[in-house]
Every structure is written in structure tokens, then in C-alpha cells.
Amino acid sequence: MAPYSRGQVLCEEYMKRTIISFFCALTMAAAVSPARAALDELRSAVPGFADVKAPAPKAPVRVSYYYLNRDQENKLYDYYSESRIQADGKAIEARLKTAGYVIAGATLRKVNGTPGNYDYNYEYLIEYTAPEGSATEDIRYYYLNRDQENKVYDYYGESRIKTDGKAVEAKLAAAGYITVFSTLKKMNGTPGNYDYNYEYVITYMAPAGSLPGKMQYYYLNRDQENKLYDYYGESRIKTDGKTLEAKLKAAGNVIVTSTLKKVNGTPGNYDYNYEYVIEYTVPLNGSLAEILTFELWKGRDGQPYWGWQGKSQAESDGKALEKNFQAAGYVILEAKLVKAYNADQWGYSIRYVRPTR
């Protein structure tokens, strides 16, 4: 083989250095970001690459299933019920379509418990999905089994629980949800013809592509003097509770239910306090506004509010602060004069929330 010429040697040396430099550059780029290094190399090598935009990846389609096998009285659809379950199934399909979902398929099938020509029940299976670009929201359940006095709906309460259940459905609708189905159940504690309570179960969901909120609870158990609502305070706590509901509504929330509870400290007929529990939610696509508490314990001079004169000053400063919060767009839920534990020191507590929209 002929010896290399000087030109060939220089060329080979140049190629080696170029390759080494290239691999060093790649190694350094890879240490920082392999993907970015590759993209930068393509941008420099391919004319017009910067103008090319790869399509965004699509979210996988999730098929959901709804199984209808009990009617609104919580009874199975037996072999006499073919027409009823078909009608109820079509009604659910229509509600899902109204909420923006796509019905992929619906099947009526016989579910056999034990062998026999007429020993079967019907089940209606609905397959649905959200339209392209939207997420399929999960089914939610609301269980109503106690009334506004916190008493169970016993066997005399059928008409009341139906009325109250429809009211909850209306409030969920006001928040933007759809009721898919609702069922009235008998809950048996012990065997007996009239030994049962009622429960109203609401199946509901958010429309496709919406942002659902979650249920929130507000517990009212102390008045504006920061005293517990004792057994003489039933009418007062009901009034204050309704006022609080109005304020939550003013902030854009939807009141779902409210319940007056007796909270027993120790056993005794009149040894209890009242608590008013408000269940509420934000409308769909509304921002969840956190309830905040601000407590004022010192005056402008930096000194605590002591004694009788401090009590008066704390109340005056607190009310002025309330107005500042309101001017800033907040809704005042509760505002009260509070006393420090085991001391003659006073303060002013403000619970407030920003409107949901």
C-alpha cells in the first residue's frame, strides 16, 4: 500500500479533531438537556425547522359505564319491567347528552339470579365518553338521610324526604350539576314491618369540560358574643344561621343543605348546645374561595386591649376594620368581640371570604 501523503495525513487529523469536538459538544449538551441539544442541532441543520410545530398529544379517551338495575324506589327491575327500565335508561342517556357527553352504546341485558324461565332481573348498561378535548367527570353521590333538625327520616317521613331530596337536586342544578338518577331507599336497622328509615341517594355529575367544586362545611356554634348557643338559643342560632347562609350566597356559593344539631357535652335532658352546619359548594368553574380568619388583639399604638376601656376600643377598631375588608371586595361572614382565655384582654375576630367569581 502506498504511504500517506502529507495532505492525507492533515486531512485525517482534521477529521479526527472535528469528530472529537463534535462528540464533546454532544456530551456537554446531553449533560444539560439531551432533547434541547437535538432540537438545536436540527434547527441549525434543517432550513425552516423553526416554523414547524408538532401537534400536541391528545388525551386518551376514557369510556365510562353507568349500570341501571334499580328503580327510583330502589327495587330491582324484574321480568315484568322491560318497558320501565328502557324508559328510565333512555331518560338517563338524554341527561348525559344534555351534559355534553357522547353515548357510545347502550345494552339491555337479563341478569339471572338462579335458573328459571322468569327468574331474572333487567340491567341497562350505558357506555359514554366525553367529546374530544374534554375530560369525563366522575359520577358523584349525595346521601340525604337526616332532616334539618338532624333527625332520621323514619317510616313516617317518606313524603318529607322526597320533598327535601328534590330541593337538594334543585340546588345542585343551580350549581351547574346534572342529576343522573335519584333513588329512595329503605334502611332497615332491625327486622320489623315499620322498623326502617329512609335515605335519598342522588347520583349527579358535572357536565363535560367543566371544573367541579367540592362540598364545603361551615360550623356555627358561637354567637357574636362568642358564647355557645345553649338549650335556650335555638331560635337565635336559626336566625344567625340563615343570615350566614345569605352571606355565603352573596359570595357566590350555593347552599345545599343546612342542619341544626344538638351537641351534648354530658348526659342530661337540657345539658346540650346547638350547632348549625351549612353544606355549600361553589358553582361549576368558580374559584374556591378559602374562608379566612383575622383576629385583632392590639391597637394602633401596639398595646393590647385591656380591661373595660380596651373592650370598647377593640370593638370600635374591629368594626372599622370590617369596613376596610368590605371595601376591598371581601364578604364578612362573622365578626365578633372575643375575650382572651383567662385574662381581661379583648380582641376582635373577623371571618371573611372573597367572592367565587
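The values are calculated or read from the model by the stated rules, or taken from the named source; none is laboratory data. Everything numeric in this text was worked out from a predicted model, so none of it was measured. Methodologically, a virtual Cβ is constructed for each residue, glycine included, from the backbone with ideal geometry; neighbour enumeration extends over all protein chains shown.
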Check your understanding: Quick check: anything in segment 230-251 touching a Phe, Trp or Tyr at 6+ places or on another chain (Cβ under 9 Å) and polar (S, T, N, Q)?
Key -> no
Check your understanding: Are there any pairs with C-beta distances below 6 angstrom linking a residue in segment 156-169 that is not assigned by TED's automatic domain parsing to the domain that holds Tyr141 and in a helix (DSSP H, G or I) to a residue that is among the basic types (Lys, Arg) and surrounded by 19 or more Cβ atoms within 10 Å (Cβ to Cβ), with the two at least 6 apart or on different chains, and if so which?
Key -> none
Point to revise | Set Ala335, Ala314: member being of a type in the set (A, V, I, L, M, F, W, C) and out of contact with any Asp or Glu (no Cβ under 8 Å at 6 or more places or on another chain) | key: Ala314
**Study point:** Scope segment 119-158; condition farther than 23 Å from Tyr77 by Cα and of a type in the set (S, T, N, Q); matching residues
**Key:** Thr129, Ser134, Thr136, Asn145, Gln148, Asn150
Revision key, fill the gap. Residue hits (segment 292-320; under 40 Å from the mean Cα position of the chain (by Cα) and at pLDDT below 90) are Leu292
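Okay, residues lined up against (1) modelled with pLDDT of 95 or more; (2) among the aliphatic types (A, V, I, L, M); (3) within 16 Å of Asp223 (Cβ to Cβ); (4) buried (at least 18 other Cβ atoms within 10 Å of the Cβ):
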position: Gly252; (1), (2), (3), (4): no, no, no, no
position: Thr259; (1), (2), (3), (4): yes, no, no, no
position: Gly265; (1), (2), (3), (4): no, no, no, no
position: Asp271; (1), (2), (3), (4): no, no, no, no
position: Leu284; (1), (2), (3), (4): no, yes, no, no
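On the given criteria, is Arg84 modelled with pLDDT of 90 or more, among the basic types (Lys, Arg) and buried (at least 16 other Cβ atoms within 10 Å of the Cβ)?
no
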Check your understanding: How do the pairs read when you match residues in segment 108-120 that are farther than 15 Å from Tyr80 by Cβ and surrounded by 10 or more Cβ atoms within 10 Å (Cβ to Cβ) with residues anywhere that are among the acidic types (Asp, Glu) and at pLDDT 80 or above, using Cβ under 6 Å and keeping only pairs 6 or more apart or on different chains?
Key -> Arg109/Glu123
Practice item. Could you tell me which numbered condition Lys323 fails, if it satisfies all but one of (1) at pLDDT below 90; (2) surrounded by fewer than 14 Cβ atoms within 10 Å (Cβ to Cβ)? Key: (1)
Exercise for review: Please go through segment 230-286 and pick out each residue that is touching a residue at least 24 places away in the same chain (Cβ under 8 Å) and in a helix (DSSP H, G or I).
Suggested key: Glu234, Ile237, Lys238, Asp240, Gly241, Leu244, Glu245, Lys247, Leu248, Ala250
Review point. Taking segment 339-351 as the region of interest, how many residues are at pLDDT below 90 and part of a strand (DSSP E or B)?
Key: 1
Check your understanding: Only one residue in Ala94, Ala135, Ala106 is out of contact with any helix residue (DSSP H, G or I) (no Cβ under 8 Å at 6 or more places or on another chain) and either within 29 Å of Asn197 (Cα to Cα) or not in a helix (DSSP H, G or I) (or both), so which one is that?
Key -> Ala135
